[in-house]
Amino acid sequence: MSEVLEPRLRDRVIALPGRGGEMAAYEMGPADRPIDLVFSHANGFNARTYRSLLAPLADRWRVLMIDMRGHGRSRLPTETEGRTSWSDLADDLMAALAAEDLTNVILSGHSMGGCASLIAAAGAPERVRGLVLFDPVVMSPDTPQPPPEDMARSPLALGARNRRAVFPSHAAVVEAYRGRGAFKTWPEAALVDYVADGFATRADGEVELTCSGAWEASNFTTADSAGFRAFGASRCPIRVLRAEHGSTCRVDGHIEALTADGRIRIETVPGTSHFLPMERPDLVRETLEAALAG
């Protein structure tokens, strides 16, 4: 383990030679106890984005927040040609659990990170005791899906490819993003933390996106129904909080069947958008505390 970057935040690098590189992560909480929670971020973001959200949990629990492939400080291959699913992200997460020999953990994640966590829990049930997912990207098989060529031209994919990649400084990025677009409902601390690892300083002193537009767009265009299938393949308790507006947890028509035996709980949080963790950090922490203490 390397130096402490700031109070409670410890830099980690997890070697994954079988996956082609290294996964970066941050750790918080008591270093003398096993890791309790592994958290995965949304598409285009990074582990540090959720620091202020999860830091209060570190008074009691040991938390590991990962940078997924193509994001933040991780150094894993990002080949988009021929990519058709998020199996690479779930496989990376399972490899990290194995590399750290983690067992009895809670997996949690937001959006794409929630879906990857769900698939990983189904693939490595011996390591996971519970799931807590925040507006995960989960699509039932009957969710209408346009053909791949139309997906590639979707507003999300086009927006990712056209996103401005270079700014004069981190401060300039924060100023450009504050109160605008996807960041409209974000608290300042989450925005500053996202920008810190979302942009890397170049040799010329300017800063550049660490998640390329091409990779972000690839994630927008390769989501499939694997997450939905993982509900049935998993064995642990699952708690899902989904957004009231614009949710990516598209399981309407299946909720009764999914929740029938009580193992899976799905709740829609009033007044929230897809950025539920930034809008309701109190509820997110409460839900995680309940799962960790259970």
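Numerical summary
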{"item": "Inter-label distance, nm, simple model (7 Å from Cα along the C-beta direction), residue 87/residue 254", "result": "1.8 nm"}
{"item": "Residue-averaged 222 nm ellipticity for the chain, from DSSP H runs of 4+ at -39500 (n - 2.57), nearest 500", "result": "-9000 deg cm²/dmol"}
{"item": "Neighbour-count ranking [beta-carbon atoms within 10 angstrom, fewest first] of 201, 210, 143", "result": "201, 143, 210"}
{"item": "Sequence-distant residues sharing a close amide H with residue 21 (under 5 Å, placed H)", "result": "16"}
{"item": "Mean separation of Cα contacts under 8 Å, 6 or more apart, over the residue count of the chain: relative contact order %", "result": "20 percent"}
{"item": "Inter-label distance for residue 204 and residue 180, nm, one decimal - labels placed 7 Å from Cα along Cα-to-Cβ", "result": "2.0 nm"}
{"item": "Distant-in-sequence amide H partners of residue 242 (H built 1.01 Å from N, under 5 Å)", "result": "135, 267, 268, 269"}
{"item": "Amide H partners (placed H, <5 Å) of residue 207, local residues excluded", "result": "167, 169, 202"}
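Rule-based calculations on the coordinates, nothing more; no lab input. Just so it is clear, the model here is predicted, and its values are computed rather than measured. Note that we place each Cβ from the backbone using ideal geometry, even for glycine, and neighbour counts take in every protein chain shown.
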